Amino acid sequence: MTSIAATATSGWRRTLRDPGLSATILILWAFLALFILFPLAKLLARTFFEDGQITLANLAAILRDANHRQAFWNSLLLAALVGISGTVLGFLYAFTAVRANLSRAWTTILDAASLLPLISPPFTTAIAMIFSFGPRGLITYRLLGIKGFTVYGLHTTLFSETLTYFPIAYLTLKPILAAIDPNVEDMAFSLGSSRWRVFRTVTLPLAVPGLANAFLLLFAASLADFATPLILAGNSFPVLPTQAYLQITGLFDLKGGAVLSFVLLVPALVVYLLQRYWVSRRYYVTITGKAGAQTAIKSLAPWARAPLLGLCLLVAGVTLYFYALLFYASIVVALGANHAWTWHHYQVVFTEGLKAIHDTLIIAGAGMPLGGLYGILLGYLVAKKAFPGRQTMEIISMVNYSLPGTIVGIAYLIAFNDPPLVLTGTALIIVACYVFRYSPTGIRATVALLQQIDPSIEEASQGLGAGSGTTFRRITLPLVLPAFFAGLGVVFIRSMTAISATIFLVSINWTLITVRILENMTELSLGPAAAFSVLVVLIVFVVIVAISGLLRRFRAAGAVEVTSILGG
Amino acid sequence: MSAAGIRVDGVSKRFAHRVKGEVYAVRDVSLTVQPAELLTLLGPSGCGKTTTLRMIAGFEQPDAGRIFIGEQDVTGFMANQRNIGFVFQNYALFPHLSVFENVAYGLRVKRQPEAEVARAVGEVLALVGLQGYDRQFPNQLSGGEQQRVALARAIVIRPRVLLFDEPLSNLDAKLRVHMRDELRDLQKRLSITAVYVTHDQEEAMAISDRIAVMHQGAIVQEGTAEDLYRRPASEFVAQFIGRTNLLTGRVLSADPGGVELEVAGQRLHLAGETARVTVGETVRLVVRPEGIELAPGGSATGIPGMIVSRTFLGEKAEYQVRMGKDVLQVTSYNPVQRGIFPPGQAVMLHFPSHGIQLLLGSTA
Ligand SMILES: Nc1ncnc2c1ncn2[C@@H]1O[C@H](COP(=O)(O)OP(=O)(O)O)[C@@H](O)[C@H]1O
Ligand SMILES: [Mg+2]
């Protein structure tokens with residue numbers, strides 16, 4: 001659009017004349033530089049500088065280690081497999097949800113089962129896997145009586161990550177499949193195609209960009225996943241994030257960790273660029289325009305419906321079984337050994353674990369408003385104001401979100417360990433990590449909302465005599481409030497559940513529930529781990545319900561809708 | 001408050017265009033709108049109407065020229081300092097505010113007491129026929145109702161001037177006709193100065209006191225609807241206002257009594273055209289479809305032609321008539337009485353002087 005280019009050049013002088021606005025922009029730049037660019041620069045410096053010289057020696061040293069090379073290939077293999085299996089599963093799930101004429105009740109069950117993993121700590125499934133298939137596993141040991149089953153390795157990691165991350169593919173593909181006008185399929189039928197042919201020649205090709213996108217998202221998620229491999233992969237199947245973690249916490253080798261996380265950065269960057277510049281370009285063109293007249297969906301043969309639905313219910317059943325198991329494990333003495341009922345694990349959680357709960361809530365509570373505010377401020381500026389470096393600002397604000405958590409965590413650890421800014425051991429470093437890593441959801445929601453708000457609405461306010469401050473306060477702000485809630489909701493949820501970055505940042509002073517869960521797992525005190533997990537899921541659930549309530553209230557008043565607080 | 005006029009004096013506005021570089025959206029436009037007058041800016045899409053209107057409103061700053069409202073030079077004033085009422089094409093209602101709060105917004109900005117706000121809003125809502133809609137939200141209203149809210153919101157602050165940017169283009173045809181009459185009525189009753197932008201010549205002719213026709217960023221002619229129809233100053237205006245046949249003729253002789261032309265190989269006498277034409281010059285002629293009379297072929301006078309097609313519309317019949325190389329549009333009123341010519345029939349065309357307008361020079 002020509003108009004955007006024109007406002008950009010003629011507008012920024014006006015923007016810069018406004019002192020409040022210029023100050024806000026400068027402050028945001030300072031934060032972005034300090035909490036995104038500076039840590040990354042330090043990480044790269046650690047990797048490539050030695051005694052003021054550029055060197056590849058550090059990289060070479062790490063890559064000489066066969067174990068590390070193995071970890072690199074393992075990471076790629078695992079990510080590719082998770083990408084494939086998760087995309088297939090997500091597609092089947094989405095196809096069933098959209099095309100099988102399900103009743104509301106079925107759809108709700110499928111949606112609920114796919115949402116649970118998204119709002120839980122990332123290793124919840126892994127813990128349930130241990131409960132089921134571990135040395136004393138409920139299924140392998142108790143039910144089937146298998147003694148020698150090894151729960152550690154590629155197979156279980158793959159299974160667990162697929163189950164955890166396929167909902168991303170489901171959420172990506174469902175709207176795409178739903179947007180394919182059934183009339184297009186009808187058209188193909190009317191030309192004499194068989195069902196299978198319609199699926200192969202119409203439905204599937206239209207979904208290809210979505211499939212590619214889902215694959216890349218899952219690939220990135222698996223590549224970045226730290227907790228699942230830490231619990232399930234075992235020694236025989238090292239991957240990069242766990243190697244980097246062990247390098248730092250086991251060998252106290254910060255430089256080695258930095259180099260390993262740089263190795264992780266390369267494939268992550270490739271995937272990111274592919275996703276941003278290749279797939280998303282192709283995304284919208286395939287979707288046909290407005291949905292035509294309602295037509296009964298015929299693209300799914302009646303005989304295929306039952307098996308598809310059965311498969312989806314099986315997956316949903318496994319997920320629900322895992323969560324039920326987690327709850328059960330939290331209220332019995334020792335799962336697999338002694339199933340007597342007890343409150344003991346919760347007592348542990350609320351005595352020894354109280355500090356972690358307390359710390360986590362403070363950190364999440366502090367990050368929430370900061371992240372929400374940062375999200376709408378930055379979103380508003382990049383969407384509405386013309387100033388030099390606007391696009392760069394938007395891209396930089398997304399960096400920490402796109403990088404694997406391990407990299408961000410190690411970068412923060414390196415950057416804020418020494419002067420000029422020593423933050424290690426404080427709550428601030430954890431809060432900053434969460435705010436700058438998880439606010440992009442709020443930023444995107446703000447930008448999306450503002451793009452739907454016609455500029456003439458603000459002009460209308462101005463024409464009625466309102467200054468820019470009044471207009472922002474009384475018109476713009478209420479309209480982007482849903483994005484604010486969405487943004488702070490995501491920051492809160494992630495602060496409760498994330499671990500890959502912050503495991504490097506916790507200290508004696510400030511610790512997190514997720515870190516305690518992981519410690520419990522390695523100490524084999526599985527009961528408290530389960531109790532902690534149940535607690536987190538409960539808190540997150542309550543917060544999500546509260547936020548959806550707020551969102552609904554503000555939407556009812558005529559504001560624009562934010563489709564999903566977890567999408568993107 | 002007595003109505004204030006508007007004076008636009010030599011205003012220009014450039015925009016940076018990705019491909020073409022700097023382009024003029026508005027070039028040296030001057031206008032005067034009398035107090036309580038409704039002036040329409042009429043022209044095809046992209047000719048600079050909206051940009052002109054937005055500069056009057058203060059949403060855009062002109063690169064050159066000055067703008068006066070009343071006696072006051074408001075160039076450089078922001079929109080919120082000009083006391084204007086603006087009705088947007090898409091209405092631009094505040095989606096999160098009720099109808100009442102939408103209309104009350106401008107009063108609240110001016111910090112009017114609550115009782116006064118309630119009174120003024122109630123009065124204006126009654127004026128636009130929206131009593132009882134106070135608590136509705138914009139997304140619960142039909143297009144016509146949204147349009148009324150937008151209008152109420154603009155007039156409740158008692159603006160010095162009312163500015164409309166294609167306010168009716170989102171309504172269906174019937175409602176458009178109805179609303180334009182209402183707008184006109186309201187503007188007259190409040191006797192408020194108004195500038196109205198549209199690309200629809202019929203709407204412009206129906207609603208305006210005067211029309212300024214714009215083309216490529218400039219005003220090419222100003223006048224009443226009748227002026228523009230009867231005496232278009234250029235081919236562009238002729239073709240934009242009403243339906244037109246354009247013919248080429250050569251001047252055979254010119255004297256105070258009239259002009260003698262050769263058109264399609266025939267002589268044509270124009271009485272009263274004392275224009276400054278020179279003998280031998282080629283001129284363009286504007287002939288309205290209803291300015292041509294048809295007679296059965298074989299009549300002694302007129303220019304011969306042949307009916308190509310015919311559309312019978314009851315009170316009139318529209319013909320396409322071949323005359324030489326040209327195909328002319330001819331409208332014949334009361335065809336039932338005057339006879340209908342079938343396609344293929346030979347006819348004679350008559351061009352009464354009062355139906356012809358001479359265009360001088362090579363105007364575009
Ligand atoms: N903000 C803008 N940036 C760049 N070009 C613009 C802008 N506004 C208008 N233009 C250009 O100026 C010309 C006139 O536009 P406009 O006044 O909107 O025309 P109209 O309202 O008569 O359709 C068009 O060519 C348009 O592309
Ligand atoms: Mg326009």
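Data table
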item	result
Of the criteria (1) farther than 19 Å from residue B:33 by Cα; (2) away from every other protein chain (no Cβ under 14 Å), which one residue B:75 fails	(1)
Condition met for residue B:82 (more than 16 Å from ligand 2 (Cβ to nearest atom), more than 9 Å from every other protein chain (Cβ to nearest Cβ) and either surrounded by 19 or more Cβ atoms within 10 Å (Cβ to Cβ) or not acidic (Asp, Glu) (or both))	no
Enumeration of residues in region B:92-119 that are without any contact (Cβ under 8 Å) to a residue 24 or more places away in the chain and polar (S, T, N, Q)	B:112
Residue match in region A:57-77 (condition: exposed (fewer than 15 other Cβ atoms within 10 Å of the Cβ) and either of a type in the set (Val, Ile, Thr) or under 30 Å from residue A:548 (Cα atoms) (or both))	no
Residue ID - nearest to residue B:237 (Cα to Cα), chosen from residues in region B:195-215 that are among the acidic types (Asp, Glu) and within 15 Å of ligand 2 (Cβ to nearest atom)	B:200
Selection from region B:263-295 of residues that are at pLDDT 85 or above and open to solvent by 60 Å² or more (accessible area, probe 1.4 Å)	B:282, B:284, B:290, B:293
Those helices (runs of 4 or more DSSP H) lying entirely in region A:476-568 with at least 3 residues closer than 19 Å to residue A:405 by Cα and either modelled with pLDDT of 85 or more or open to solvent by less than 30 Å² (accessible area, probe 1.4 Å) (or both)	A:477-497, A:513-522
Residue, nearest to residue B:243 (Cα to Cα), within region B:187-207, restricted to residues that are within 16 Å of ligand 1 (Cβ to nearest atom) and more than 14 Å from every other protein chain (Cβ to nearest Cβ)	B:201
Matching residues in region B:41-54 - criterion: being open to solvent by less than 30 Å² (accessible area, probe 1.4 Å), of a type outside the set (D, E, K, R) and either more than 14 Å from every other protein chain (Cβ to nearest Cβ) or farther than 13 Å from residue A:459 by Cβ (or both)	B:41, B:42, B:43, B:47, B:48, B:51, B:52
Of the criteria (1) within 10 Å of another protein chain (Cβ to nearest Cβ); (2) in a helix (DSSP H, G or I), which one residue A:442 fails	(1)
Count of region B:98-108 residues which are over 15 Å from residue B:148 (Cα atoms) and open to solvent by 30 Å² or more (accessible area, probe 1.4 Å)	1
Selection within region B:129-155 - outside any helix (DSSP H, G or I) and either out of contact with any helix residue (DSSP H, G or I) (no Cβ under 7 Å at 6 or more places or on another chain) or open to solvent by 10 Å² or more (accessible area, probe 1.4 Å) (or both)	B:129, B:131, B:132, B:133, B:134, B:135, B:136, B:137, B:141, B:142
Strands (runs of 3 or more DSSP E) completely within region B:1-91 that count 3 or more residues being within 13 Å of ligand 1 (Cβ to nearest atom), touching a residue at least 60 places away in the same chain (Cβ under 8 Å) and not aromatic (Phe, Trp, Tyr)	B:21-33, B:38-42
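Matching residues to (1) more than 23 Å from residue B:88 (Cα to Cα); (2) away from ligand 2 (no atom under 16 Å from the Cβ); (3) in contact with a Lys or Arg (Cβ under 9 Å, 6 or more places away or on another chain):
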residue: B:5; (1), (2), (3): no, yes, no
residue: B:8; (1), (2), (3): no, yes, yes
residue: B:12; (1), (2), (3): no, yes, yes
residue: B:25; (1), (2), (3): no, no, yes
residue: B:45; (1), (2), (3): no, no, no
residue: B:50; (1), (2), (3): no, no, no
residue: B:55; (1), (2), (3): no, no, yes
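The values are calculated or read from the model by the stated rules, or taken from the named source; none is laboratory data. In this text, all values refer to a predicted model and were calculated from it rather than measured experimentally. As a convention, Cβ positions derive from the backbone with ideal geometry for all residues, glycine included, and neighbour counts pool all protein chains shown. For accessibility, only protein heavy atoms count, side chains too; no ligands or nucleic acids. Shrake-Rupley method; radii C 1.70, N 1.55, O 1.52, S 1.80 Å.
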